[in-house]
1. Quick check: the angle from helix 71-88's long axis to the longest principal axis of the chain, C-alpha only, nearest 10 degrees?
2. Among the GluC sites (Glu not before Pro) within the stretch 39-85, which fall in a DSSP loop and have no more than 12 other Cβ atoms within 10 Å of their own Cβ?
3. Counting helices only, and only those DSSP H runs with n ≥ 4, report the 222 nm mean residue ellipticity of the chain as the sum of -39,500 (n - 2.57) divided by its residues, in deg cm²/dmol to the nearest 500.
4. Extending each Cα 7 Å along its Cβ direction at L33 and S73, get the distance between those two points in nm, one decimal.
5. Viscosity 1.002 mPa s, temperature 20 °C: give me the Stokes-Einstein translational D for the chain in µm²/s, with Rh taken as the Kirkwood radius over C-alpha pairs.
Amino acid sequence: MNVNLTPELERLVSQKVQSGQYNSASEVVREALRLMQEHDELRRIRTAELRNEVKRGLEQSRRSESTPLDIASIKVEGRKRRTAKASLK
């Protein structure tokens, strides 16, 4: 299999090998693909959890068990999460 990388990605792979962290470009690519696979799995799990939460909320709403929404609190919480996520980048 041949893989074409942008010059920027080629430099990144070379830097990883030169650092001694990896023995070859193939090891770097394998690790990157493994991390991508983990990322995809985490996204799948989070999506499933979110769907379950929505389903549970809808069921509670149908049974009138839900508490009224506090939109202001929801906005504050959403902004906190967005800020926290942005600080990780």
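Every number here is computed from the coordinates shown, using simple stated rules; none is lab data. Bear in mind that the values here come from a model prediction, so they are computed numbers and not experimental data. Ideal geometry is used to build each Cβ from the backbone, glycine not excepted, and the neighbour counts take in all protein chains shown.
1. Helix 71-88 and the main axis of the chain meet at about 10 degrees.
2. E65
3. The helix contribution divided over the chain gives -27000 deg cm²/dmol.
4. Computed distance between label sites L33 and S73 equals 4.8 nm.
5. Approximately 123 µm²/s, per Stokes-Einstein.
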